[in-house]
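Asks: Sharing a structure with you now.
The values are calculated or read from the model by the stated rules, or taken from the named source; none is laboratory data. All of these numbers come straight from a predicted model, not from anything done at the bench. Using ideal geometry, Cβ is built from the backbone for each residue, glycine included, and neighbour counts are taken over all protein chains shown. These area figures cover heavy atoms from the full protein model, side chains too; ligands, DNA and RNA do not enter into them. Shrake-Rupley method; radii C 1.70, N 1.55, O 1.52, S 1.80 Å.
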There are 2 protein chains.
Amino acid sequence: MANVNVQRLDSQQADFSEQLDKLLAWESVSNKEINRTVDEILERVKVEGDQAVVEFTNRFDRLNASSMAELEFSQKDMQEALENLPEDQRHALTVAAQRVRDYHERQKGESWQYQEADGTLLGQKVTPMDRAGLYVPGGKASYPSSVLMNAIPAHVAGVEELIMVVPTPDGEVNQLVLAAAALAGVSRAFAVGGAQAVAALAYGTETIPKVDKIVGPGNIFVATAKRAVYGTVGIDMIAGPSEILVICDGNTDPDWIAMDLFSQAEHDEDAQPILISPDAAFLDKVSASIDKLLPTMEREAIISRSLIDRAALIKVADLDEAALVNNRIAPEHLELSVEDPQALLPQIKHAGAIFMGRYTAEALGDYCAGPNHVLPTSGTARFSSPLGVYDFQKRSSLIMFSEDGASEMGKVASVLARGESLTAHARSAEYRIKD
Amino acid sequence: MANVNVQRLDSQQADFSEQLDKLLAWESVSNKEINRTVDEILERVKVEGDQAVVEFTNRFDRLNASSMAELEFSQKDMQEALENLPEDQRHALTVAAQRVRDYHERQKGESWQYQEADGTLLGQKVTPMDRAGLYVPGGKASYPSSVLMNAIPAHVAGVEELIMVVPTPDGEVNQLVLAAAALAGVSRAFAVGGAQAVAALAYGTETIPKVDKIVGPGNIFVATAKRAVYGTVGIDMIAGPSEILVICDGNTDPDWIAMDLFSQAEHDEDAQPILISPDAAFLDKVSASIDKLLPTMEREAIISRSLIDRAALIKVADLDEAALVNNRIAPEHLELSVEDPQALLPQIKHAGAIFMGRYTAEALGDYCAGPNHVLPTSGTARFSSPLGVYDFQKRSSLIMFSEDGASEMGKVASVLARGESLTAHARSAEYRIKD
């Protein structure tokens, strides 16, 4: 039986707060060399278009394409990928897509207007973006579930064109990804990746249309490119390593909790699994489960690295204190593995997604619960939200003054504009004041 | 009479599309020297806290403070500023604040939940951020209206602490800004500005609390600092120069339209005022009004620079084509100065705020219409929204599976997780499948 030393913390320790800070510290690496390479790729794609994209794709993915047309998947490719899936996979993917769609339908923002007594009308018009770009990583991190989670909110928002890019290193195509694209309503798909794909989506080329927003995870080149084009197009958040915080009252099967922690840890050596409980004996039991189950895991090496470097088992006084520690951490995923999660919920202020009750494994949320699995990491749940339909809609304010309203408000605006020495503002408003 | 040559375009020109691209081209300047200076200020404030903030403030604003405490305004300072305002200004500011509050109340997001047949519960919990930071520029660009527009949405969202920073170069305090802070519900206010103020809000110091999001306009040092701390805290958009697009059917008083164009132009030499009309003779009339009115303007120099370098009068075939050109531009402010703006509205896809009808001067929206005056610039209305209550709230997904639901969905998750080779995910889900 392997013994993994997972760090133990206790909220009664004098230095608990500092220890917690140390545990949570995470600096994303920014690298000058990578910045320079990415800037060069962005510039070349901006100027040369398709030709540069094909050249970089041939070089980095070891392909031999002679034109962008060769790198485009057809709708037929996507449909066939879906039809050719084994029955159990097609069924599971279809159920997941439908549940994700049903949940996201409830996020749609609606336009509204109201009229004031003098006839003045105010409101907010909600419209979808015209075109969204979806980055899907290639190779091992190529997840069909990510295609669903990124594409369906855009589709529900009413985005008319959804452009997917996915690299195919050495020509290897992930049929599950193409099948998911078919289910999620992707309009066009290209076998390109890396900074060159981000550049193509941000600036447009002869073949790849310029989009309004780029979403989806990627490696350091993709993340750097997204940060660089932010402003030219919208982007989703730059994600850090995945995290789970489990709050347990001590009465869930410790094997279940150990496996829930593993399910984050297996993503990445930097992933952060944390367990909080008021029951010290339960922490011991989970520790024993970890030691028992770890040798049975396919990704044992990754999981143990994450457990040793980034995990913690934290003893607290009670569930109220557990909620306070949660609010300090603002985790991406929070499991409330307790008897009465509804009672604890009002105390939870910050978390990307909240998994309530012993049966709600976080892994269900990754695939088929319905809510999005793209969630704020590294404490950014303090100020950000899961990816959603609202990320693909935007608002325009509506203002229509009646003649009377413009006259009354013209007087107010005039005083304030003159207070700010903006006299053209004042005179523009004053023209609309009735004699 | 001054003659200003405003560029004329016509949609019938063969090269109209290229000319439009040239007109709209805008590259925000990024400067290595400024980046280095800002990075140094951020690092020193992060490490040294209050001491560095006081030192930079004394140096850049020519003050002589010996501690942060001396640089804090009290609630009494803010209340007195409000009480001491001339009656017309206090009244105008109070009316504006109330109207902004009323409008923004309608933007509040609400939590929701729903239950499925097997008892599984899904939902979305909406919560405010704990603390927001509001940057207010000093000197000439110190606008009380901006205090209202940035602070009120945060207050309506339920943000408990609202921290304002405003530099006071040479000790000059803008009483209108303090009065607006009192009206808008600012919790604490400090006489600091620049990159050092952004750093203090992002990292926290002994005196200035760390916030979750920083909003508000500022100079290039402030914008560079905000971009650098993005991720550590949330930020609002980095704003480009202000813009107005007026679509007029030719039947509005040309003096009114000229003054509306001036009201953007007076902000800044880089501001961009554009008029579109199907009536060529009307463009001539507005041109004459410009020449007539320009010499009467306090900010004549700034306005003429903006008109010469960045403005355009565009002739189109009809209002439908005007809407198409608008959607290409995605302007910050759009005036529909036409007989039936409601009829044109469905064709408008992208604009920060839409001012409808001849009476609705854009300037009314800057102060007291109700909707926010912080709006997406430089075409970013294609994918972003006005500042709003939604910028100070965030969402957490809620998932609570029943025993039956977890069992059924466990099967689906298991298939998909194994398809992605994530076996800890699969086993975590499988534990919840009933025998």
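Asks: Consider B:Val222 carefully, then state whether it is of a type in the set (Val, Ile, Thr), surrounded by 21 or more Cβ atoms within 10 Å (Cβ to Cβ) and farther than 22 Å from A:Ser421 by Cβ. Walk me through how you get there before you give the answer.
Replies: Details: of a type in the set (Val, Ile, Thr): yes; surrounded by 21 or more Cβ atoms within 10 Å (Cβ to Cβ): yes; farther than 22 Å from A:Ser421 by Cβ: no.
So B:Val222 does not fit the description; no.
Asks: Separate question: State which residue is least open to solvent (accessible area, probe 1.4 Å) when the search covers only the range A:101-131 and only residues that are of a type outside the set (Ser, Thr, Tyr) and part of a helix (DSSP H, G or I).
Replies: So the residue we want is A:His104.
Asks: Out of all the residues in the range A:142-152, which are within 12 Å of chain B (Cβ to nearest Cβ) and open to solvent by less than 30 Å² (accessible area, probe 1.4 Å)?
Replies: A:Ser142, A:Pro144, A:Ser145, A:Ser146, A:Val147, A:Leu148, A:Met149
Asks: Let me confirm something: among A:Leu275, A:Leu336, A:Leu313, A:Leu345, which residue is at pLDDT 95 or above, among the hydrophobic types (A, V, I, L, M, F, W, C) and farther than 22 Å from B:Ala406 by Cα?
Replies: Sole residue among the options that is at pLDDT 95 or above, among the hydrophobic types (A, V, I, L, M, F, W, C) and farther than 22 Å from B:Ala406 by Cα: A:Leu313.
Asks: Restricting to the range B:132-141, count the residues that are open to solvent by less than 10 Å² (accessible area, probe 1.4 Å) and more than 22 Å from B:Thr232 (Cβ to Cβ).
Replies: Total satisfying the criteria: 0.
Asks: In the range A:156-171, how many are surrounded by fewer than 22 Cβ atoms within 10 Å (Cβ to Cβ) and either free of Cβ contacts under 8 Å to residues at least 24 places away in the same chain or in a helix (DSSP H, G or I) (or both)?
Replies: 3
Asks: Continuing with the same structure: Among the listed residues A:Phe73, A:Phe56, identify the single one that is under 30 Å from B:Ala228 (Cα atoms) and aromatic (Phe, Trp, Tyr).
Replies: Just a single option satisfies the conditions, and that option is A:Phe56.
Asks: Would the range A:70-84 turn up any residue that is over 30 Å from B:Glu116 (Cβ atoms), assigned to a helix (DSSP H, G or I) and in contact with a Phe, Trp or Tyr (Cβ under 6 Å, 6 or more places away or on another chain)?
Replies: Yes, there is a match, as at least one residue in the range A:70-84 is over 30 Å from B:Glu116 (Cβ atoms), assigned to a helix (DSSP H, G or I) and in contact with a Phe, Trp or Tyr (Cβ under 6 Å, 6 or more places away or on another chain).
Asks: Follow-up. Report yes if A:Ser187 is outside the structural domain of A:Val147 (by TED's automatic domain parsing) and hydroxyl-bearing (Ser, Thr, Tyr), otherwise no.
Replies: no
Asks: To continue, here is another question. Condition check: under 20 Å from A:Asp61 (Cβ atoms) and basic (Lys, Arg). Does A:Arg188 satisfy that?
Replies: So A:Arg188 passes the test.
Asks: Looking at the range A:393-404, which of the residues that are within 18 Å of B:Ala353 (Cα to Cα) and not basic (Lys, Arg) is nearest to the chain's Cα centre (by Cα)?
Replies: Per the stated criteria, the residue is A:Gln393.
Asks: Can you name the residue in the range A:75-100 that is open to solvent by less than 50 Å² (accessible area, probe 1.4 Å) and not aliphatic (A, V, I, L, M) and is also modelled with the highest pLDDT among such residues?
Replies: Ranking the candidates gives A:Arg99 first.
Asks: I would also like to ask the following. Keeping to the range B:259-302, report how many residues are within 14 Å of chain A (Cβ to nearest Cβ) and either without any contact (Cβ under 8 Å) to a residue 12 or more places away in the chain or over 25 Å from the mean Cα position of the chain (by Cα) (or both).
Replies: Count: 12.
Asks: Would you please list the contacts, defined by Cβ atoms under 8 Å and residues six or more apart or on different chains, that run from a residue in the range A:46-69 that is in the same structural domain as A:Ala228 (by TED's automatic domain parsing) to a residue that is among the aromatic types (Phe, Trp, Tyr) and open to solvent by less than 90 Å² (accessible area, probe 1.4 Å)?
Replies: The qualifying pairs are A:Lys46/A:Tyr203; A:Met68/A:Phe190.
Asks: Turning to a different aspect of this structure: Could you pull out every one of the helices (runs of 4 or more DSSP H) wholly within the range A:326-435 that has 2 or more residues that are open to solvent by less than 10 Å² (accessible area, probe 1.4 Å), at the interface with chain B (Cβ under 9 Å from one of its Cβ atoms) and out of contact with any Pro (no Cβ under 6 Å at 6 or more places or on another chain)?
Replies: Where helices (runs of 4 or more DSSP H) fall fully within the range A:326-435 and carry at least 2 residues being open to solvent by less than 10 Å² (accessible area, probe 1.4 Å), at the interface with chain B (Cβ under 9 Å from one of its Cβ atoms) and out of contact with any Pro (no Cβ under 6 Å at 6 or more places or on another chain), they are A:362-367, A:403-419, A:423-430.
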